[in-house]
1. Give the number of residues within region 111-144 that are surrounded by 20 or more Cβ atoms within 10 Å (Cβ to Cβ) and acidic (Asp, Glu).
2. Please work out which residue is surrounded by the most Cβ atoms within 10 Å (Cβ to Cβ), limiting yourself to region 369-382 and to residues that are part of a helix (DSSP H, G or I) and hydroxyl-bearing (Ser, Thr, Tyr).
3. Could you check region 323-355 and list, in sequence order, the residues that are out of contact with any helix residue (DSSP H, G or I) (no Cβ under 9 Å at 6 or more places or on another chain) and either among the acidic types (Asp, Glu) or not assigned by TED's automatic domain parsing to the domain that holds ILE389 (or both)?
4. Does region 389-398 include one or more residues that are at pLDDT below 95 and assigned to a helix (DSSP H, G or I)?
5. For region 101-110, which residues satisfy the criterion of being surrounded by fewer than 18 Cβ atoms within 10 Å (Cβ to Cβ) and within 23 Å of TYR50 (Cα to Cα)?
6. Those residues that are closer than 30 Å to SER29 by Cα and among the small types (Gly, Ala, Ser), I need them from region 173-224; list them, please.
7. Cβ contacts < 7 Å: first residue surrounded by 13 or more Cβ atoms within 10 Å (Cβ to Cβ), restricted to region 156-176; second residue in a helix (DSSP H, G or I) and aromatic (Phe, Trp, Tyr), any location; separation 6+ or different chain. Result?
8. Name the residues in region 374-418 that are within 8 Å of ligand 1 (Cβ to nearest atom) and farther than 16 Å from SER456 by Cα, would you?
Amino acid sequence: MMKGKVVYMKQDIFKRFILILSIILIINSTIFAILISNIIFDKTSNELLYTLRVADNSLDYTGNLKEQVDRIKSLDDDESTRLTILDINGKVIADSNVEDHEIMENHMEREEIVEAIRDGSGSARRKSDTLGIPMIYVASMAQNSDCILRIAVSYNGLFHYSETIIPVIIFNIVVSLGISLLLSKQFLRSVTKPLVEIAGELRKIQDENPEFHFKEYNYEEMNIIADTILEMSRAVKDSMKQIEFEKIVRQEFFSNASHELKTPITSVNGYIELIENDLVTDEAQKKDFLKRIKKETTNMTNLINDILLISRLETKEIEVTLSEVRICPLLKEVCMSLEPLAKQCDVTIVTSCKPISMTANTQQIKELFTNLMTNAIKYNKPGGKVNVIVTTEPDEIVFIFEDTGVGIPEESKQRIFERFYRVDKGRSKKMGGTGLGLSIVKHVVNYYNGNIQLESKLNVGSKFTVRFPKSKKEPINFT
Ligand SMILES: Nc1ncnc2c1ncn2[C@@H]1O[C@H](COP(=O)(O)OP(=O)(O)O)[C@@H](O)[C@H]1O
Ligand SMILES: [Mg+2]
């Protein structure tokens, strides 16, 4: 993540908040000022218009207008106030502030005159050409003559009231900002405090075994963040435990596997050395040693094959090709391949197979059959029987492997599915066992969401029942 300038949320929000508030206050004050200014202008215009009407009524248009205008003007000693009478063409007839009105320019273009001719009365606001100060001009058509009367008065608009208005505006701004500062600080604290606390708790992540504790906050979003962090931390802990567990299992597996391989290699080496050093002279004994060497290497091959199979089953990414596996032909194939072993052990295999098929990987189902049947033959008694039943129940496919063998002691029933666990190691080895067969079976059963059950009675026999759900649930990989 790119790190720019570090900004703290509280300060940043606060600055922005004040900026927005100031902009709003300025816009507000401006609108307010424009409004008031217009009201003052309208009111002043109306008052001046009234004054003009009074003047209009008191003027005698047949007499000397200049004299009358001066007389009216003398009522007000303000120099900037001025009364002008114009004819309908804009020519000045009399003006209170100018002696010789003949020299005055035509007023036809003036805004207030244009309006007065058009609407009867008009007003305008501008800087006076002669006095250079802001003025208000109000003009009106005379009622008893064809003249236009115009009055001009110095006019500051809103500035006239600035002494009263400015302190009010300043007071308004200061009070609004003050109140907002106080409230926004409080509001900001209510938002940032939980975040600061959550961030503080999160710093514990550097601890070896972090335990997070979060309060209950007023804002639901904060609670969601806190809850999600707790959930995530729980999930991480669980996966760490799982990884740790898998690590131990793997370590045990490797150490067991190496041990299992070391023993046959040592004995193979022993036999070879004896033959090499001509210590075995008897041809028959030599043959026996070679037979033993062959047996040990077969055992090693079996072991390596089983290790490879387990590692393949454990690799989650492995792509398993599924197809419709016809069970009966597959069972027959396995029986055929086990026939020599059965003969050797003097065991008869009986099968009863309902013609069904199952969506699965052929090789995996074959491994399952081979391992369970090999066990049933190997751990049997001479003249014993192995009974394999393939059947279905409403929701399940059921495989039963029953034997009349040595049985499994109660205390071993749970453990025989563990890797390298054997009840009788000598017997297992003699029969080429690796101790991995049932672990492979368990893997395959779990892969198809099935389950395996064991019933066994010592010296009477064992019965393994495997059940697979019929519904095509996605198979899961399992370690
Ligand atoms: N059908 C059975 N009857 C008696 N004991 C059995 C049977 N199947 C398995 N076992 C016991 O469980 C152990 C583990 O079986 P397995 O994982 O297949 O390993 P292996 O057959 O290579 O020894 C065997 O060594 C044996 O002691
Ligand atoms: Mg086995």
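The values are calculated or read from the model by the stated rules, or taken from the named source; none is laboratory data. In this text the structure is predicted, and so the values were computed from the model without any measurement. Note that each Cβ is placed from the backbone with ideal geometry, even for glycine, and that neighbours are counted across all protein chains shown.
1. Within region 111-144, residues that are surrounded by 20 or more Cβ atoms within 10 Å (Cβ to Cβ) and acidic (Asp, Glu) number 1.
2. THR374
3. Matches in region 323-355: GLU324, GLU339, ASP346.
4. Among the residues of region 389-398, not one is at pLDDT below 95 and assigned to a helix (DSSP H, G or I), which makes the answer no.
5. MET108
6. Across region 173-224, the qualifying residues are SER176, GLY178, SER180, SER184.
7. The qualifying pairs are GLY157/PHE41.
8. Hit for region 374-418 is THR374, nothing else.
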